[in-house]
Structures are given as structure tokens and as C-alpha cells.
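Enquirer: One structure coming up, written as C-alpha cells, with questions to follow.
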Amino acid sequence: MEFHRPTDMSEALRLLASDPEARLLAGGASLVAMMNARLVEPTTLISLAGIENLAGITEIDGGVLRIGAMTRHRETASDMRLSGGRSVLRRAAGRIANPVVRNMGTIGGSIALADPAADYPAALVCLDAEIVAAGPISERRIPAREFFTGWYETALEPGEMVAAVLIPKTTAGSVGVYRKLARVAGDFAIVSVALRLAAQNGHCTELQIAVGGSGPAPLRLPQFEEKLVGRPLDDLDAAALGRALAWISDPVDDVRASADYRRRVIPRMVEDAYRRAVARLGAKA
Amino acid sequence: MREGIEIALRVNNAGRSVTVPADETLLETLRERLALTGAKRGCNQGVCGACTVSVDGRPMRACLSLTANCAGAEIVTIEGVARDGMLGRIQMALEQTGAVQCGFCTSGMVIAAEALLRANPQPSAAEVQAGISGNLCRCSGYRTIVDAVLLAAAGGRG
């Protein structure tokens, strides 16, 4: 096994293109665990730890927050610029594993692996985030909804890597909620719900809900969300949207829960997340 | 035989140099090459926390860290927590509350709890629980461990 620690992106991408069995090493929280279990045996490891400017959160044009691929969960979980609707991502990051693993794991590594039970996918889909994919020739931006394509599958082409995640501004006064049902603290989600909500004069002006852990990719129904816009907050049937999300879900039976249990719990999780969002709006007003 | 990678790092305040294969974890290096067996190999998956060591001032999983990626790192293991024969504050508190049963989780608990108190010198019991939530005690003796961290935070005068 070869080990490389390039100091710039172009060198990392060149190494990545040179060996189809090469793997990029970010925080190691998943890749090294998989290597220890002999689930992957890369012939080349390319550490991203030596590349400057790949970690950290910066504000770019239009108030968009750019989260570098090597940004640790700890940092994302504590950056208060992720406030209002964008707090969905901060809250999701704070629910990943435990403080020690949050010191290691990175947003780029996590989403490139695309575990459907992980915390970022639903949060990023809820936020209409974009993933910056760097390739040997150019960079492109992939909407989060198109990035997660299947079980552990993403829209990344061979030779591409996650360079950053872009989080657009959310509506002033909006709130974010991230609810995660798990067996024990720090476990992967049985089901997770990422939700943001905005209102004016007690009426919903915006509602975005993504559900994680319930299929190969996060679930979202923007047209159904649209139908709920304009409803009074106290007469908005979030559980109906939850039932529709459960209807389109494709959960697995696994050690954490049965598929049937997951389908049953989705509407209740959605309703619970909505109630918390309304309460949070009330606390702000 | 594959070639090794020469890595210089600092372990418990001493410069060390090792030559390792690319896939050798820091845990293997500490235990097999440097004879520092305080960090334990439990799950080797990053879940149990028994291998937790401090890397550049932050607690990390030694089993998920590749030594080849640790060039120049400053590592503190449980063997480096006591100074001049004096146990650290967490170690003393664990002894006082009788929190050590089989002891397998203890070294990782100490490293995680030391980091918790550095970041939050006066944690609540709930904050202590969250802080050590990534360290599993198979004896399930959490209560006395939480008591010990609170005792250490109170300066040993709980």
C-alpha cells in the first residue's frame, strides 16, 4: 500500500486518477475502520491532511457559507453562523457519534461515503445545499438532492472528490430542527428528520423537511411542502406530509429497527420535529 | 517486503521515530513498537473508546488514526498523564470513587475526561455523560466514573 500526503488539490487529484483502487483519507473515522475490518484494501492512500484551505468555514458571495471538505464535525457543530434555518446542519453535526469521533470525522469524508443512516445527508437536502466536486479538469456544483443517489452511492464521478459544501442563506427569522431517533447516544439514526420553518403572522411561509435513514437517499417532497405553505401554524397537518414521506420511503430491516417500524415512526418524527420548530419560532417572537 | 514509511512524532514528551507500513494504526504503533500498552484495543472500529489518546491536544481514536498520517504529531497516552509520580486529577478521583472495575476502559476514560475538563472546567453531570459518551464501560460502572469526573472538576473536594 502506498501512502501519499500531497500539499495541494491538483496533486491529490492526479494521485487519485493514477490508481482506481486509491482512496482519499480525510478524518479516517470510516475509512480506517473499514480497513481494520478488511472491508476495503486500498492500494494507494491519499491523505488530505496536508492540503491547506481544505478545512474551515468561510462566508462567500451572497452570505453563502462554504464548509471545506476537511472541516471536522466538532467545528461544524459549534459554528454559530449556522443559525436560524441553517442551524439544522449545526444540530445534525452535534449528533454525530461522540465528542472524540467528532474531533476526527469530516463533512467531506462523511458525505463521500454517503451512509444513508448518517446525519449530514438529510440536513444538507433540507437546506438545499450544494456539493462542490473537484475533478482533474474543473469543479462543478451538485445540488444535495442529486448528490446522494443510492446506498453508499453519490453523483461523484471517478476521479472527483468533495472539495466543499455550500450552505445558502435561509430566510430571516426561520428556524431549524434536527430530530434523530437512535438506540443509544452516538449511534447511527434509526430515522432522522431535518426541518426548517418560517412564518409570518402565524402562517407558514416556508417549510422544508428531509428524512434520513429511511431509504437509499434522503426523502423530500417539495410539492407537498408547497401545499402546506400559507396554512396557519396551529392548523398545519405536518403528519400528513410525514405519512406521504413514509409512503415513498424504502427503509431496511437491520439490527437497529425493522423496516415496518421505520415506516410507522416517520410520520410521528415529522410531526414532533414540526411541533418543536413551531415552539422555537414562538420562543423567538 | 513492502517498504516502510519513516515517521517522527512526539509521544509523552519524547521524540520517537518509527518505520511503519501505510495501514498501521497509531494504536498498533503505540502497543507493538513503543511498548505503550495503556491504550487498549477493544473494537478496533472507533466505537468503544478504549484506545483514546490525545493527539495535538485533542482526544482521538488511536485505532482510527494511521501512524503514517501522524508525522509531527504530539501524542499523550495514559502513560503520560501522571507527572513526576503524581497521578492526574482524573486518575486520583477515579481511585477515590472506586470507579475502576476491570479497568479496560479506564485509560480511554481518563484521556476523554481530561479533554472534557480542559474545554469545560465545571461541567454538569449531564455534560460529563455527554463528554464520555464515546467511551464504553463494559462493567457498566458509569455512575462512579461520572462522580469521579465531577469530583476532579471540584478540585478533588466533592
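The values are calculated or read from the model by the stated rules, or taken from the named source; none is laboratory data. Here the structure is a predicted model, which means the values were calculated and not measured. Glycine also receives a Cβ, built like all others from the backbone with ideal geometry; neighbour counts cover every protein chain displayed.
Enquirer: Of all residues in the range B:12-33, which are of a type outside the set (S, T, N, Q) and either within 10 Å of chain A (Cβ to nearest Cβ) or buried (at least 18 other Cβ atoms within 10 Å of the Cβ) (or both)?
Expert: Taking the range B:12-33 as the starting set, the residues that turn out to be of a type outside the set (S, T, N, Q) are B:14-16, B:18, B:20-24, B:26-28, B:30-33.
Hits for the range B:12-33 are B:Val18, B:Val20, B:Pro21, B:Ala22, B:Asp23, B:Glu24, B:Leu26, B:Leu27, B:Glu28, B:Leu30, B:Arg31.
Enquirer: Going residue by residue through the range A:113-122, is there one that turns out to be under 10 Å from the mean Cα position of the chain (by Cα) and at positive phi?
Expert: Yes, the conditions are met somewhere in the range A:113-122.
Enquirer: Go through the range A:130-144 and give me each residue that's within 13 Å of the chain's Cα centre (by Cα) and either among the aliphatic types (A, V, I, L, M) or buried (at least 17 other Cβ atoms within 10 Å of the Cβ) (or both). First the steps, then the outcome.
Expert: Residues of the range A:130-144 within 13 Å of the chain's Cα centre (by Cα): A:130-131, A:143-144.
Those that are within 13 Å of the chain's Cα centre (by Cα) and either among the aliphatic types (A, V, I, L, M) or buried (at least 17 other Cβ atoms within 10 Å of the Cβ) (or both): A:Glu130, A:Ile131, A:Ala144.
Enquirer: Would you point out which residue out of B:Ala68, B:Ala50, B:Ala39 is facing chain A (nearest Cβ under 8 Å) and crowded, with 18+ Cβ neighbours inside 10 Å? Spell out the reasoning first.
Expert: Details: B:Ala50 fails: facing chain A (nearest Cβ under 8 Å); B:Ala39 fails: facing chain A (nearest Cβ under 8 Å).
Going through B:Ala68, B:Ala50, B:Ala39 in turn, just one is facing chain A (nearest Cβ under 8 Å) and crowded, with 18+ Cβ neighbours inside 10 Å: B:Ala68.
Enquirer: Restricting attention to the range B:118-138, and to residues there that are surrounded by 19 or more Cβ atoms within 10 Å (Cβ to Cβ) and more than 9 Å from every other protein chain (Cβ to nearest Cβ), which single residue is nearest to B:Gly49 (Cα to Cα)?
Expert: Here the residue is B:Leu136.
Enquirer: Does B:Ala93 satisfy being out of contact with any Ser or Thr (no Cβ under 9 Å at 6 or more places or on another chain), touching a residue at least 40 places away in the same chain (Cβ under 8 Å), in the same structural domain as B:Val149 (by TED's automatic domain parsing) and over 24 Å from A:Ala97 (Cβ atoms)?
Expert: Yes.
Enquirer: Within the range A:181-220, count every residue that is closer than 30 Å to B:Asn135 by Cβ and surrounded by fewer than 24 Cβ atoms within 10 Å (Cβ to Cβ).
Expert: 9
Enquirer: Within the group A:Ala69, A:Ala37, A:Ala77, A:Ala49, which residue is within 14 Å of chain B (Cβ to nearest Cβ) and under 26 Å from A:Asp128 (Cβ atoms)? Quick ask: steps written out before the conclusion?
Expert: Values: A:Ala69 fails: within 14 Å of chain B (Cβ to nearest Cβ); A:Ala37 fails: under 26 Å from A:Asp128 (Cβ atoms); A:Ala49 fails: under 26 Å from A:Asp128 (Cβ atoms).
Criteria check complete, one pass: A:Ala77.
Enquirer: Quick one: A:Ser110 ticks every box in (1) more than 14 Å from chain B (Cβ to nearest Cβ); (2) under 9 Å from the mean Cα position of the chain (by Cα) bar one, so which box is it?
Expert: The number of the failed condition is (1).
Enquirer: Okay, next question. Give just the number: which of (1) charged (D, E, K, R); (2) assigned by TED's automatic domain parsing to the domain that holds B:Arg10; (3) out of contact with any Leu (no Cβ under 9 Å at 6 or more places or on another chain) does B:Asp147 not satisfy?
Expert: Of the numbered conditions (1) charged (D, E, K, R); (2) assigned by TED's automatic domain parsing to the domain that holds B:Arg10; (3) out of contact with any Leu (no Cβ under 9 Å at 6 or more places or on another chain), the odd one out for B:Asp147 is (2).
Enquirer: Considering only residues that are modelled with pLDDT of 95 or more and outside any strand (DSSP E or B), look in the range A:174-187 and name the one that is nearest to the chain's Cα centre (by Cα).
Expert: The initial filter retains those residues of the range A:174-187 that are modelled with pLDDT of 95 or more, namely A:174-182.
Those left that are additionally outside any strand (DSSP E or B): A:174, A:182.
Numbers: A:Ser174: 19, A:Ala182: 17 Å.
By that ranking, first place goes to A:Ala182.
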